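Notes for the one structure printed next.
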Protein chains: 2
Amino acid sequence: MATTLPRATTEAPVRPAIIDCDIHNELDSERDLYPYLPARWLDHLKTYGTRGPSGASYPRFLNRRNDAHPPSGREPGSDPAFTARQLLDEWNVAYGILNPLTGAGSQLNPEFDAALATAVNDWQVAEWLDPEPRLRASIILPFEHADLAVAEIERRAGDRRFVQVQFSGRPREPMGRRKYWPIYAACEAHGLAVMSHAFGSGGGPITGCGWPSYYIEDHVGPAQSMQANLISLVVEGVFERFPGLRVVSAENGFGWVPSLLWRLDSAYALLRDETPHLARRPSEYVREHVWFCTQPIEEPERPRDFLRLVEQVGADRLIFASDYAHWDWDAPDTALPARLPDEVRRKIFYENARDLYRLPDRAG
Amino acid sequence: MATTLPRATTEAPVRPAIIDCDIHNELDSERDLYPYLPARWLDHLKTYGTRGPSGASYPRFLNRRNDAHPPSGREPGSDPAFTARQLLDEWNVAYGILNPLTGAGSQLNPEFDAALATAVNDWQVAEWLDPEPRLRASIILPFEHADLAVAEIERRAGDRRFVQVQFSGRPREPMGRRKYWPIYAACEAHGLAVMSHAFGSGGGPITGCGWPSYYIEDHVGPAQSMQANLISLVVEGVFERFPGLRVVSAENGFGWVPSLLWRLDSAYALLRDETPHLARRPSEYVREHVWFCTQPIEEPERPRDFLRLVEQVGADRLIFASDYAHWDWDAPDTALPARLPDEVRRKIFYENARDLYRLPDRAG
């Protein structure tokens, strides 16, 4: 594997190297996966289609940037060469982490879900990782079925271009529950992070009080689901049981992190008898084990409140993410609402992700 | 009604007068309600008991302060004279707002729910409001059934000692949905606030990803439900439709308010075509229409971060609440984690609630 940054042009890059932790590699259509599916499941896909829990899918959710249509005529985000030019070259992306959102992971037929995840991962290797050495990827998993998920992790773990596994933002149970522990054990053993990407649905409503009416409620709602997942991961003792585990929150924001940890610590002070398996305050586990992608950023009215928010969450726990090529993406030069000290900026845009994902340095 | 503060002792009070916006008046047992139930529903209660959605009830939830057992032998919080002595006298409470949590409002039989709510309100009048002029109360409602709820509002609206109606923290639908609008119309017409008190359950899990394992998750979780309710109230256009409506959030914290509004405003900037009934940014509605009770307070590690949080939420939108006599209550002298400027303190402990509930002044 290449360990130095290939230059797309002969000009020296004017921008400092960055790592983009949330790039969406898209299917032009599900036909892209046909070559990677065994006959039985290809037939299944053609006959029965995909079928997951409903209620969290909107056409708008997957809208793309208007300028992201490749000349090839394929859908935005589905042309590796165009993504390389428009995103990696233009912004001097040293590493980009791929997060395909394809429906694999939420199919109601478990074996089909596993076959689809395997196909997506094979497609990522053949069409994205092999041609483009700047890319890394999330392993797509049938995460509701730990045995099948662990088998897929074992299949990929030898390929270090896979840096993490992907959960949806709303699995069927809160992420700390023991049905998912074998997945965490496998990730810890192989040095893979566990990433929870906003959106998706386990079948229930996104709120604790039933189904909301508007897309904007599902657009803002993932922060609440991630709060529940984070609480669950902590109080179930996942980080005690898997001390090497690293968790990444993608597209859930982070403005809510400080107040959640204040509240959780004070609840823990009152209720620790219920969770004797916890040796430390909840905030300590989060500060040690959890990273947050920047996009979308909650923007305070006063820029210096943003600086304080970064301090509270931890400048070493934020990692830049563009969400390319979705319509609400963040360009690297305008993503942050305030001018940060250079060393903090370098951490968020490069060093934190390099260390988190143990990537060979390419900044020099 | 008295408009000056009755003194319980001949000593001048050493503490400044305060308003406590969340006092729990408890039943010693459901037998307390027998005198207030018509024969049919008394028989129903004795025969069938109470029956609501399950999944959010823990013995611990209703634990009381160890020192709150009245000499009468009744349960803590259920003896009006003792509450008056231990809370109102001791802390110079000029007004205390009662919030009984009795199961009325969540009974699955709608007519029984309405009868139980009426009984609880009659019990409040006879045993709490009539004997103690410092007390005010929330109207208990069969809030899932707007027609029955409006009838109860009409029954109480002439008694100005009822200052608001009570919703649970997790109704069956997010609070903005139109099934609840007739209730809001009645509250607006009668100058009553709408209070959402943490806890309760509409029957679904508290998280967007299913049922959590621990009580601490339900203890910390109400903040997420209130976030969903607040988003819903705003984006459904409730505050456009009912411009006089005032909403009170009780026992949900408020540290999450600023980042939620930042996120919601920026989502609105992108998605306003979906909610053309909104004329203003979401944060403007919240800042104008919503008040937050202090208890429980998220305590930042740096006291000056708490001062900034108060500014961000709005010093005129916070109202003191003790949560007496629950085990995790806040004493007025230690409730706030930082020393606030005197005028801010006076707002939070007295002036904001006086203005919100339009109470005759008793501070002087």
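The values are calculated or read from the model by the stated rules, or taken from the named source; none is laboratory data. Bear in mind that the values here come from a model prediction, so they are computed numbers and not experimental data. Positions of Cβ are backbone-derived with ideal geometry, glycine not excepted, and every protein chain shown enters the neighbour counts.
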Task: B:Met195 being aliphatic (A, V, I, L, M), more than 9 Å from chain A (Cβ to nearest Cβ) and either in a helix (DSSP H, G or I) or touching a Phe, Trp or Tyr at 6+ places or on another chain (Cβ under 8 Å) (or both) - done: yes
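Being more than 27 Å from A:Glu240 (Cα to Cα) and in contact (Cβ under 8 Å) with a residue 40 or more places away in the chain is the requirement here; does A:Gly103 meet it? Don't jump to the end; show me each part of the working.
Details: more than 27 Å from A:Glu240 (Cα to Cα): yes; in contact (Cβ under 8 Å) with a residue 40 or more places away in the chain: yes.
Yes, satisfied.
If only one of B:Ala267, B:Ala325, B:Ala279 is crowded, with 19+ Cβ neighbours inside 10 Å and under 30 Å from B:Val238 (Cα atoms), which one is it? If you could, list the steps in order and put the result at the bottom.
Details: B:Ala325 fails: under 30 Å from B:Val238 (Cα atoms); B:Ala279 fails: crowded, with 19+ Cβ neighbours inside 10 Å.
Answer to the selection: B:Ala267.
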Task: B:Leu260 out of contact with any Lys or Arg (no Cβ under 7 Å at 6 or more places or on another chain) and closer than 17 Å to B:Gly169 by Cβ - done: yes
TODO: Run down B:Ala2, B:Ala94, B:Ala39 and say which single residue is modelled with pLDDT of 95 or more, surrounded by fewer than 18 Cβ atoms within 10 Å (Cβ to Cβ) and of a type outside the set (Ser, Thr, Tyr).
DONE: B:Ala39
Task: Number of positions in the range A:143-182 that are within 22 Å of A:Pro222 (Cα to Cα), more than 10 Å from chain B (Cβ to nearest Cβ) and not in a loop (DSSP other than H, G, I, E, B) - done: 5
Open item on the list: Return the residues of the range A:151-173 that are within 17 Å of A:Arg246 (Cα to Cα) and out of contact with any Lys or Arg (no Cβ under 7 Å at 6 or more places or on another chain); say none if nothing qualifies.
Closed with: A:Ile153, A:Ala157, A:Arg160, A:Gln164, A:Val165, A:Gln166, A:Phe167, A:Ser168, A:Gly169
Open item on the list: Considering only residues that are surrounded by 11 or more Cβ atoms within 10 Å (Cβ to Cβ) and among the β-branched types (Val, Ile, Thr), which ones fall in the range B:331-361?
Closed with: B:Val344, B:Ile348
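Restricting to the range A:210-224, count the residues that are farther than 16 Å from A:Glu298 by Cβ and touching a Ser or Thr at 6+ places or on another chain (Cβ under 8 Å).
Initially, the range A:210-224 is screened for residues farther than 16 Å from A:Glu298 by Cβ, giving A:210-215, A:217-218.
From the residues that got through so far, the ones that are touching a Ser or Thr at 6+ places or on another chain (Cβ under 8 Å) too are A:212-214, A:217.
Total satisfying the criteria: 4.
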Open item on the list: Taking the conditions exactly as written (closer than 20 Å to A:Thr207 by Cβ and either surrounded by fewer than 24 Cβ atoms within 10 Å (Cβ to Cβ) or more than 9 Å from every other protein chain (Cβ to nearest Cβ) (or both)), does B:Glu299 satisfy them or not?
Closed with: no
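Which residue, of B:Ala119, B:Ala104, is assigned to a loop (DSSP other than H, G, I, E, B) and aliphatic (A, V, I, L, M)? Write out each step before concluding.
Working: B:Ala119 fails: assigned to a loop (DSSP other than H, G, I, E, B).
Result of the check over B:Ala119, B:Ala104: B:Ala104.
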Task: Number of positions in the range B:21-43 that are in a loop (DSSP other than H, G, I, E, B) and more than 15 Å from B:Ala114 (Cα to Cα) - done: 6
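Would you confirm, using the coordinates I've provided, whether B:Ala353 is away from chain A (no Cβ under 11 Å), within 28 Å of B:Gln166 (Cβ to Cβ) and over 17 Å from the mean Cα position of the chain (by Cα)?
Details: away from chain A (no Cβ under 11 Å): yes; within 28 Å of B:Gln166 (Cβ to Cβ): yes; over 17 Å from the mean Cα position of the chain (by Cα): no.
For B:Ala353, the condition - away from chain A (no Cβ under 11 Å), within 28 Å of B:Gln166 (Cβ to Cβ) and over 17 Å from the mean Cα position of the chain (by Cα) - is not met.
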Task: Residues (closer than 16 Å to A:Ser213 by Cα and either free of Cβ contacts under 8 Å to residues at least 40 places away in the same chain or among the charged types (D, E, K, R) (or both)) located in the range B:235-249 - done: B:Glu236
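Kindly check whether there is at least one residue in the range A:71-82 that is touching a residue at least 60 places away in the same chain (Cβ under 8 Å) and in a helix (DSSP H, G or I). Explain how you work it out, then say what you get.
In the first step, residues of the range A:71-82 are kept if they are touching a residue at least 60 places away in the same chain (Cβ under 8 Å); the result is A:76-77.
From the residues that got through so far, the ones that are in a helix (DSSP H, G or I) too are none.
No; the residues of the range A:71-82 include none that is touching a residue at least 60 places away in the same chain (Cβ under 8 Å) and in a helix (DSSP H, G or I).
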TODO: Can you tell me which residue among A:Asp218, A:Asp265, A:Asp273 is charged (D, E, K, R), over 24 Å from A:Phe306 (Cα atoms) and without any contact (Cβ under 8 Å) to a residue 60 or more places away in the chain?
DONE: A:Asp273
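Counting only residues that are of a type outside the set (Gly, Ala, Ser) and in contact (Cβ under 8 Å) with a residue 24 or more places away in the chain, which one in the range A:278-289 is farthest from the other protein chains (Cβ to nearest Cβ)?
Residues of the range A:278-289 of a type outside the set (Gly, Ala, Ser): A:278, A:280-282, A:284-289.
Narrowing further to those that are in contact (Cβ under 8 Å) with a residue 24 or more places away in the chain: A:278, A:282, A:285-289.
Details: A:Leu278: 10, A:Pro282: 9, A:Tyr285: 13, A:Val286: 13, A:Arg287: 11, A:Glu288: 16, A:His289: 18 Å.
That would be A:His289.
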- [ ] Select from the range A:253-277 the residues that are assigned to a loop (DSSP other than H, G, I, E, B) and at the interface with chain B (Cβ under 7 Å from one of its Cβ atoms) and write down the one among them that is farthest from the chain's Cα centre (by Cα).
- [x] A:Thr275
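Being under 14 Å from A:Tyr324 (Cβ atoms), touching a helix residue (DSSP H, G or I) at 6+ places or on another chain (Cβ under 9 Å) and in contact (Cβ under 8 Å) with a residue 40 or more places away in the chain: is that true of A:Leu116 here? So that I can check it myself, show each step before the final result.
Details: under 14 Å from A:Tyr324 (Cβ atoms): no; touching a helix residue (DSSP H, G or I) at 6+ places or on another chain (Cβ under 9 Å): yes; in contact (Cβ under 8 Å) with a residue 40 or more places away in the chain: yes.
No; evaluated as a whole, the condition is false for this residue.
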Open item on the list: Taking the criterion of being small (Gly, Ala, Ser), within 19 Å of A:Ala223 (Cα to Cα) and in a helix (DSSP H, G or I), would at least one residue in the range B:279-286 satisfy it?
Closed with: yes
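Given the residues B:Asp355, B:Asp333, which is the only one that is in a loop (DSSP other than H, G, I, E, B), at pLDDT 90 or above and of a type outside the set (Ser, Thr, Tyr)? Talk me through it step by step, then tell me what you get.
Working: B:Asp355 fails: in a loop (DSSP other than H, G, I, E, B).
After applying the criteria, what remains is B:Asp333.
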